[in-house]
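Notes follow once the structure below has been shown.
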Amino acid sequence: MTFLLLFFFFCGCTCGFSHSEASGETLSSEDASFCDGDLEVIYPELIVDQCLIVPKDDMNLRKKITKEWSAPTIFYPHAQKDKEYLLVMVDPDAPSRGNPKMAHWRHWLVVNVQGSQLKNGTLQGTTITDYASPSPPPSSGLHRYQFLLYEQQQPPTEEAESMGRHVKKSRRGQWDLMAFVDRFLLGDPVARVQFLTANHQD
């Protein structure tokens, strides 16, 4: 793990990792209080380890996160080696925060994530919904992209099969995240983080 952390630090120094917020755009107290648990979402030039707004004109980050970057690296330092976890990424603001009729939009769902691997920044598990990059519609304002990590309770094989069947019956949009959490007894997330971004042409 030491090597992995040194690698991210080196990349952050050489590739210009960003944590900053765009001028004129600040988080509300509600959005700022969402993040807890030390979950880290790591894109090539952006580390999300706290609630933040992706800057509008800083290195074209909004365009890169939509058009260029694939699924991020996920790092959770408090993962228990003998536990299985579930990671979900959703947009509760589809198609806009003022009219979220398609919420939650499911961008990514991975189950049976090995705690021993997650602790080292490796997302080893069963992908139920492939990663879809953030793609806010034009003129729809800022969207929240939320990453929630849950500890699984049921036997891994049984859980993955049951979740897979359940999710296949639903669309990505208008997904009832809380019903899913309740059905599979996931409880509260052990960690969560979010970033906000808007269409890169706005």
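The values are calculated or read from the model by the stated rules, or taken from the named source; none is laboratory data. Bear in mind that the values here come from a model prediction, so they are computed numbers and not experimental data. Ideal geometry is used to build each Cβ from the backbone, glycine not excepted, and the neighbour counts take in all protein chains shown.
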Could you check how many residues of segment 46-71 are in contact with a helix residue (DSSP H, G or I) (Cβ under 9 Å, 6 or more places away or on another chain), of a type outside the set (A, V, I, L, M) and closer than 28 Å to G115 by Cβ? 2
Which listed residue, of W105, W175, is under 18 Å from the mean Cα position of the chain (by Cα) and farther than 27 Å from L46 by Cα: W175
Taking E40 as meeting all but one of (1) under 24 Å from Q153 (Cα atoms); (2) in contact with a Gly (Cβ under 7 Å, 6 or more places away or on another chain); (3) among the charged types (D, E, K, R), write down the number of the exception. (2)
Might you let me know whether segment 83-90 holds any residue that is in a strand (DSSP E or B), modelled with pLDDT of 95 or more and among the β-branched types (V, I, T)? yes
Which numbered condition trips up M178, out of (1) out of contact with any Phe, Trp or Tyr (no Cβ under 9 Å at 6 or more places or on another chain); (2) of a type in the set (A, V, I, L, M); (3) crowded, with 17+ Cβ neighbours inside 10 Å? (3)
Among residues of segment 112-164 being touching a residue at least 60 places away in the same chain (Cβ under 8 Å) and in a strand (DSSP E or B), the residue surrounded by the fewest Cβ atoms within 10 Å (Cβ to Cβ) is E151
Can you tell me which residues in segment 165-179 are modelled with pLDDT under 95 and either of a type in the set (V, I, T) or outside any helix (DSSP H, G or I) (or both)? V167, K169, S170, R171
Go through segment 28-56 and give me each residue that's under 12 Å from the mean Cα position of the chain (by Cα), assigned to a strand (DSSP E or B) and not hydroxyl-bearing (S, T, Y). E40, V41, I42, I47, V48
Residue within segment 57-76 that is surrounded by 19 or more Cβ atoms within 10 Å (Cβ to Cβ), more than 13 Å from the chain's Cα centre (by Cα) and assigned to a loop (DSSP other than H, G, I, E, B) present: no
Return the residues of segment 90-143 that are charged (D, E, K, R) and in contact with a Phe, Trp or Tyr (Cβ under 8 Å, 6 or more places away or on another chain); say none if nothing qualifies. D91, R106, K119, D130
Kindly check whether there is at least one residue in segment 180-190 that is part of a helix (DSSP H, G or I) and either among the charged types (D, E, K, R) or within 13 Å of the chain's Cα centre (by Cα) (or both). yes
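Any idea how many residues of segment 187-202 are hydrophobic (A, V, I, L, M, F, W, C) and at pLDDT below 95? Walk me through how you get there before you give the answer.
Of the residues in segment 187-202, the ones hydrophobic (A, V, I, L, M, F, W, C) are 190-191, 193, 195-196, 198.
Going one step further and asking which of them are at pLDDT below 95, we end up with none.
Residues meeting the conditions: 0.
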